[in-house]
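Q: Take a look at this one; I'll ask things after.
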Amino acid sequence: MSALLRQIPANIPQDIRKIRIENSHLTELPRGSFENVSALEYLWLNFNNITVMHIKSLEYLPALKELRLQGNKLSSVPWTAFQDTPTLKILDLKHNRLDVLPEHALRYLPNLTYLDLSSNQLTIISRDVFYNWPVYQRSQSTEGPLEAISNAVLALHDNPWICDCRLRGFVQFIKSVGPPIILMNSYLTCSGPKFRTGKFFHEVELNSCTKPLTSALETNLTVPAGLNITLTCFVQASPSPAVWWTYALKLLRAFNVSTEPISEDTVRSELLIPAARPADAGNYTCTAANFLGNASVAINLRVVAPWASTTPRGWAPAAPAEPGAHVEVRIAKQTVYGITLEWFAAAAAAAEPGETWYTLLVGRYDAAQKDTIYIGPGVNTYSVTDLLPATKYEVCVAVRNQAPRKGQCVVFVTGSDVSQMEQREKLIHIVVIVCAMVLAVPAGMYACTAEALPGCLARCPSACPRRRRGGPAQAAGSKESTLDSLPAGSEDGLCRPDGGARRPADRAEPGKARPPHRNSADLY
């Protein structure tokens, strides 16, 4: 008891009939563990750490009558090992981790009178496990008196039984079992599915297993753009199937899918498409599968644009904006490869942050159709990476199905010489952040060159506001020199070493040479 044994001692006397090693550090029963004690009748190895039992670990034990392995860590047992113990009467395996009981498990235990499998992890077993048990077969035989058959005690309680169609045969066996097989506890309870949790076996009626059958109320839908669309499919199956949705052969993300049972053998699966756009049109397939097979149903979705609206470039018309639902967007980080956006929802949107989802539209500035990304609740950052060099991009953020408002879009240009830009990355980062603090996006985007002198960085905040205070006429003219003109290499609004702003090209002095053309990579 409580000895520091890590293996079965090799010097056990040959005439020993009972061995009891408990609360020790045994981790396995290797082959031939007791080959020198063939007279052994009682073997107690309770409350050790045994996880592995070799198929020949009980070899040379023909006289063994009692084997107790309670409180170990066995997840499986080599049941054919009991061919070497034909006289075994008591087998105690309670408080282990057994989760499977194969159909042949009891075939080699013909003289068993006590079997304890309680407090394991058994969920599904077949009734054939007991139909193949010689003790049960003798009880069903009409030959000879029933009184001549010894009783056999069976303990199966405290296991997490899943009471679905796969357990139907076993439940019927438990309901009908009688002497000479005696249940230690006949009130076996269900641990699943949820609607049967806590019910006794004798209270449930289980149906036969069936292959999934899928259906949908509508298989062709036409909806206006901007609406939240829910596609629904129903699945009849037993046991409960796994359900997933695919679109263009791609598996759709799980946070947009909800599946729940609505009856014993029927589940409903719903796919949410927030703020549907024409790009969302196509065939959506709902597929269900269990161990008997699979089935699917396709739903064709057509999204049409409603009345014309003044939504920003690349955005389809959306539902009316929610009052006060506004998003503040800023660049949290930028590299030569892309940017990281961060946004904060205000007013009504921030009132329920755990339920507010966002829509991002990412693409080239001049692209008619941009990539749509749906961001789940609780997330307020997104990184745009792997972008093309020397290209102008636009990223917009909106709450739920709204169209983005002013200030909810970010326009930026990627560099063309990656190696050169990587060397200047730190300088570029500082330039953009400094300018971002003093410039308002609705009044026009301004940029500083990557080759700006350090003194320019200090004077840039003071130079840029002077452009904004130039009056409506000058402000209107500044729009011509925003990022819309970057591919043309505009230098309007750039800082000069002397702290002033460069004069627009159309105001250049007669006869004075124009400044050399700059690639848009020089502008960020």
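The values are calculated or read from the model by the stated rules, or taken from the named source; none is laboratory data. For clarity, every value in this text was computed on a predicted model and none was experimentally measured. Reconstructed Cβ throughout: ideal geometry from the backbone, glycine too, with neighbour counts over all protein chains shown. These accessible areas exclude ligands, DNA and RNA; they are computed on the full protein's heavy atoms, side chains included. Shrake-Rupley method; radii C 1.70, N 1.55, O 1.52, S 1.80 Å.
Q: Tell me which residues, restricted to the stretch 215-236, are buried (at least 20 other Cβ atoms within 10 Å of the Cβ) and in contact with a Ser or Thr (Cβ under 6 Å, 6 or more places away or on another chain).
A: 233, 235
Q: Can I ask one more? Just to be sure before I move on: is residue 235 touching a residue at least 12 places away in the same chain (Cβ under 8 Å), touching a Leu at 6+ places or on another chain (Cβ under 8 Å), more than 21 Å from residue 292 (Cβ to Cβ) and not assigned by the TED database to the domain that holds residue 123 in the structure I sent? Even if it seems obvious, please write down each step before you answer.
A: Values: touching a residue at least 12 places away in the same chain (Cβ under 8 Å): yes; touching a Leu at 6+ places or on another chain (Cβ under 8 Å): yes; more than 21 Å from residue 292 (Cβ to Cβ): no; not assigned by the TED database to the domain that holds residue 123: yes.
Against the criterion (touching a residue at least 12 places away in the same chain (Cβ under 8 Å), touching a Leu at 6+ places or on another chain (Cβ under 8 Å), more than 21 Å from residue 292 (Cβ to Cβ) and not assigned by the TED database to the domain that holds residue 123), residue 235 does not qualify.
Q: Please go through the stretch 381-400 and give me each residue that is open to solvent by 20 Å² or more (accessible area, probe 1.4 Å), modelled with pLDDT under 80 and closer than 18 Å to residue 275 by Cβ, ordered by number.
A: Within the stretch 381-400, 400 is the sole residue that qualifies.
Q: Residue under question is residue 85, and the condition is that it be within 25 Å of residue 177 (Cα to Cα) and either in contact (Cβ under 8 Å) with a residue 40 or more places away in the chain or over 47 Å from the mean Cα position of the chain (by Cα) (or both); does it hold? Break it down stepwise before answering.
A: Working: within 25 Å of residue 177 (Cα to Cα): no; either in contact (Cβ under 8 Å) with a residue 40 or more places away in the chain or over 47 Å from the mean Cα position of the chain (by Cα) (or both): yes.
In short, no.
Q: Inside the stretch 252-301, can you point out the residues that are of a type in the set (Gly, Ala, Ser) and either within 19 Å of residue 192 (Cβ to Cβ) or not in a loop (DSSP other than H, G, I, E, B) (or both)?
A: Across the stretch 252-301, the qualifying residues are 254, 258, 263, 269, 279, 282, 288, 289, 293, 295, 296, 298.
Q: Considering each of 168, 107 in turn, give the residue that is without any contact (Cβ under 8 Å) to a residue 60 or more places away in the chain, open to solvent by 40 Å² or more (accessible area, probe 1.4 Å) and part of a loop (DSSP other than H, G, I, E, B).
A: Numbers: 168 fails: part of a loop (DSSP other than H, G, I, E, B).
The conditions single out 107.
Q: Let me ask something else about it. Could you say which residue among 177, 171, 129, 204 is more than 41 Å from the chain's Cα centre (by Cα) and either among the β-branched types (Val, Ile, Thr) or more than 25 Å from residue 93 (Cβ to Cβ) (or both)? Reasoning before the result, please.
A: Values: 171 fails: more than 41 Å from the chain's Cα centre (by Cα); 129 fails: more than 41 Å from the chain's Cα centre (by Cα); 204 fails: more than 41 Å from the chain's Cα centre (by Cα).
None of the other options fit; the residue is 177.
Q: Would you mind stating whether residue 249 is among the hydrophobic types (A, V, I, L, M, F, W, C) and either surrounded by 15 or more Cβ atoms within 10 Å (Cβ to Cβ) or within 25 Å of the chain's Cα centre (by Cα) (or both)? Before the answer, list the steps.
A: Details: among the hydrophobic types (A, V, I, L, M, F, W, C): yes; either surrounded by 15 or more Cβ atoms within 10 Å (Cβ to Cβ) or within 25 Å of the chain's Cα centre (by Cα) (or both): yes.
Yes.
Q: Quick check on residue 60: is it in a loop (DSSP other than H, G, I, E, B), closer than 21 Å to residue 8 by Cα, open to solvent by 40 Å² or more (accessible area, probe 1.4 Å) and at pLDDT below 95?
A: Values: in a loop (DSSP other than H, G, I, E, B): yes; closer than 21 Å to residue 8 by Cα: yes; open to solvent by 40 Å² or more (accessible area, probe 1.4 Å): yes; at pLDDT below 95: yes.
Against the criterion (in a loop (DSSP other than H, G, I, E, B), closer than 21 Å to residue 8 by Cα, open to solvent by 40 Å² or more (accessible area, probe 1.4 Å) and at pLDDT below 95), residue 60 qualifies.
Results for (1) touching a Phe, Trp or Tyr at 6+ places or on another chain (Cβ under 6 Å); (2) under 24 Å from residue 41 (Cβ atoms), shown as yes or no for each residue.
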| position | (1), (2) |
| --- | --- |
| 92 | no, yes |
| 96 | no, yes |
| 99 | no, no |
| 108 | yes, yes |
| 128 | no, no |
| 141 | no, no |
| 156 | no, no |
| 166 | no, no |
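Q: If a residue has to be of a type outside the set (D, E, K, R) and either touching a Ser or Thr at 6+ places or on another chain (Cβ under 9 Å) or closer than 17 Å to residue 295 by Cα (or both) to count, how many in the stretch 246-262 make the cut?
A: Going through the stretch 246-262, the residues of a type outside the set (D, E, K, R) turn out to be 246-249, 251-252, 254-259, 261-262.
Next, only the ones that are either touching a Ser or Thr at 6+ places or on another chain (Cβ under 9 Å) or closer than 17 Å to residue 295 by Cα (or both) stay: 246-247, 249, 251-252, 257-259, 261.
Going through the stretch 246-262 one residue at a time, the tally reaches 9.
Q: Quick check: is even one residue across the stretch 28-36 among the aliphatic types (A, V, I, L, M), out of contact with any helix residue (DSSP H, G or I) (no Cβ under 8 Å at 6 or more places or on another chain) and part of a loop (DSSP other than H, G, I, E, B)? Give the steps one after another, and end with the answer.
A: The first filter runs over the stretch 28-36 and keeps only residues among the aliphatic types (A, V, I, L, M), leaving 29.
The next check asks that each one be out of contact with any helix residue (DSSP H, G or I) (no Cβ under 8 Å at 6 or more places or on another chain); those that pass are 29.
Next, only the ones that are part of a loop (DSSP other than H, G, I, E, B) stay: none.
Checked against the condition, which is being among the aliphatic types (A, V, I, L, M), out of contact with any helix residue (DSSP H, G or I) (no Cβ under 8 Å at 6 or more places or on another chain) and part of a loop (DSSP other than H, G, I, E, B), the stretch 28-36 yields no hits at all.
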